[in-house]
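Would you mind keeping the following structure in view while I ask a few things?
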Amino acid sequence: MAVSSALSSSRAALAAARPRTMPSPSSSPRALVLVVAGLVLSLLSGSNHVAAGGHPDYADALGKAILFFQGQRSGQLPPDQAVTWRSNSGLSDGSAANVDLTGGYYDGGDNVKFGFPMAFTTTMLSWSVLEHGGKMESRVGEARAAVRWATDYLLKAASQTPGTLYVGVGDPDADHRCWERPEDADTPRTVYAVSASAPGSDVAGETAAALAAASLVFRASDREYSRRLLDRARDVMELAVRSQGKYSDYIGGNIGAYYQSYSGYKDELLWASAWLLRATKNSSYLGYIYSLGANDGVDMFSWDNKLAGARVLLSRRALVDGDNTLEPLRQQAEDFFCRILPGSPSSTTQYTPGGLMHKSGDANLQYVASASFLLATYAKYMAVSKHTFSCQGVLSVTPKSLRALAKKQVDYILGANPQGMSYMVAFGARWPQRIHHRASSMPSVATHPAHIGCQEGFQSYFYSAAANPNVHTGAVVGGPDENDAFPDDRGDYTRSEPTTYTNAPLVGCLAYLAGAYKS
């Protein structure tokens, strides 16, 4: 994400800001003290979480990855809320526009609701359930509940004002100048929206994809809800296609400094069309897919660029259903894998000395999790269809090849790395103690009912060397750098902040591995 020019130059604002291009403080003396302190603390907590076969306990990690979403909830929390250090928040969201926008998820460690990454999170959670829900066993109900918390909000955002999609709540610059619990947040809850006069094909396309994917999740268990989701997906897709443009160019609020679609919006239109095709089986979406001409080669899949995900999704129809018209999309999907596989002559992907895929110095594990999901999912399609392929005739690729790389990446996240640290909170013997997350780093309302103000939060909690008082179970942080180093420093948000769009694809990958390596 680009650095926001609107942020103040105060130390507090710079330390807490989401834009992630600041240098890491890992070389500072304070950071070294934190690393040593973290070693002591982490050795006293947790367990190895290794299953009988010597693999990480993927089923345990899966349960924790899903539980994480409860800690990200906004709105009126339900009676069965298991993450008890969180309380109700954002109960007046939407009032600035005279609509109800309560609920949904905070994307990371702040108190803003960004519709773009929330929708991608929803799509990936839904795909995880659809593709790998059979291996989730007792956890599948919890995964569906995580999807529904998001879709209930997205339905509100897409249906309250005709021709309008609400895509954000909260002034991000003001929010990032404060370190406050969601329950105490008192910065402006500005509402942002796209419409025919303020286009947003990227965010509308992603929202259409999310609603269409989720409609499949609930098709068997709640047909009426599923129908509502799909009807709204069609409406939002029409908005995306009819009025084209990037939402960050139109809605204001400096949103472009946080979640603008650098890849443009053709990838979201392709992604949404792929999901609507799967949900409706309407061949008109297939015609639109080819009319887009979204043929760029990619080596990354994320909340920003959906091309690889769309191609893998469409390859299911080619490999599993035998639809030969989609062969060009299958070939593009395999080109993506050839760009990330070690040993491929067309690889454009770097790996750390410890074997971790390294795509960015900014929250790298989000890209690792998303790529691992695609690896595991395509391996499933290949196995069902007995399909193999090669990278330029040099590297032979089998389902086992893809699954092995996905497993290696997930194992690294769960502790098989040079640091010996799990990058999932509360999994394993060592895990990050000072994640960049306001609610986790400050006492809960239950233990500290008094309001904690904007700057008090910085002075008393953000700058503290102590471990976070609230353990955000299942949170996967941004992860180590290109040399496998991780400072465990709350101020280093590029490495220490968890996000919903990291956990969402990891849920599906963990389910796949839990089934494949079941004790």
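At a 1.4 Å probe, what is the % contribution of carbon and sulfur to the accessible area of the stretch 337-407?
C and S fraction of accessible area: 51 percent.
Give the carbon-plus-sulfur fraction of the accessible surface of the stretch 103-231 in %, rounded to a whole number; probe 1.4 Å, heavy atoms of protein chains only.
That share works out to 48 percent.
Amide H of Gly75: which non-local residues (sequence gap of 5 or more, or other chain) have their own amide H closer than 5 Å, using H built in the peptide plane?
Amide H to amide H, under 5 Å and 5 or more residues apart or across chains, Gly75 pairs with Ser89, Gly90, Gly103.
Can you figure out the FRET efficiency of Glu137 with Thr348, using R₀ = 35 Å and their beta-carbon distance, to the nearest 0.05?
The formula returns an efficiency of 0.40 here.
Quick one: if you stick a label point 7 Å off each Cα along the C-beta vector at Asp411 and Thr161, how many nm between them?
The two pseudo-label positions are separated by 5.2 nm.
For the chain, which DSSP H helices look membrane-span-like by this rule: Cα extent along the axis of 27 Å or more and mean Kyte-Doolittle of at least -0.5?
140-159, 364-385
At 7 Å along the Cα-to-beta-carbon direction for both Gln81 and Arg227, put a label point, then send me their distance in nm to one decimal.
Taking the simple label geometry, Gln81 and Arg227 are separated by 3.3 nm.
Please state the Cα pair-distance histogram of the stretch 64-137 with 5 angstrom bins from zero: what percent is in each bin?
Histogram of Cα-Cα distances, whole percents per bin: 3, 14, 21, 23, 20, 12, 5, 2, 0.
For the stretch 363-489, I need the span (max minus min coordinate) of the C-alpha atoms along each principal axis, in Å, sorted largest to smallest.
63, 29, 25
Now, a different point. Can you check what the Kirkwood hydrodynamic radius comes to for the stretch 226-327, Cα pairs only, in Å to one decimal? Can you show the working numbers first?
Values: mean 1/r = 0.0680 Å⁻¹.
Roughly 14.7 Å, rounded to one decimal.
Oh, and also: What are the extents of the Cα atoms of the stretch 276-360 along their three principal axes, in Å, largest first?
Sorted from largest, the Cα extents of the stretch 276-360 read 47, 25, 21 Å.
Go through Ser347, Ser95, Ser74 and list them by solvent-accessible area, largest first, probe radius 1.4 Å.
Putting Ser347, Ser95, Ser74 in descending order of accessible area: Ser95, Ser347, Ser74.
If the convex hull of the alpha-carbon atoms of the chain is projected onto planes in all directions, what is the mean projected area in square nanometres? Walk me through the intermediate numbers first.
Details: hull surface 88.0 nm².
Mean projected area of the Cα convex hull: 22.0 nm².
Let me check something: with ligands and nucleic acids excluded, how do Arg227, Arg139 order by accessible area (1.4 Å probe), largest to smallest?
Arg227, Arg139
Please report the Cα spread of the stretch 158-305 along all three principal axes, rounded to whole Å, starting with the longest.
48, 38, 32
Ok, one more. What are the equivalent ellipsoid semi-axes of the stretch 328-401, built from the alpha-carbon gyration tensor (square roots of five times its eigenvalues), in whole angstrom, biggest first?
22, 14, 11
How much area per residue is accessible in the chain when the probe is 1.4 Å and only protein heavy atoms are counted (Å²)? Write out the running numbers ahead of the final one.
On the way: 17690 Å² over 519 residues.
It amounts to 34 Å² per residue over the chain.
Then there is this: In nm, what is the difference between 0.36 nm times the number of residues separating Glu238 and Asn254 and their Cα-Cα distance?
Length difference between fully extended and current span is 3.2 nm.
When you have a sec, figure out the Kirkwood radius of the stretch 88-185 from all distinct Cα pair distances and drop it here in Å to one decimal?
Computed over Cα pairs of the stretch 88-185, the Kirkwood hydrodynamic radius comes out at 14.6 Å.
May I pose another question? How much net charge surrounds Asp267 when only other residues with a Cβ under 13 Å from its Cβ are counted (Lys, Arg +1; Asp, Glu -1)?
Overall, the nearby charge balance is -1.
The values are calculated or read from the model by the stated rules, or taken from the named source; none is laboratory data. In this text the structure is predicted, and so the values were computed from the model without any measurement. Virtual Cβ from ideal backbone geometry, glycine too; neighbours counted across all protein chains shown. Ligands, DNA and RNA are excluded from the accessible area calculation, which covers all protein heavy atoms including side chains. Shrake-Rupley method; radii C 1.70, N 1.55, O 1.52, S 1.80 Å.
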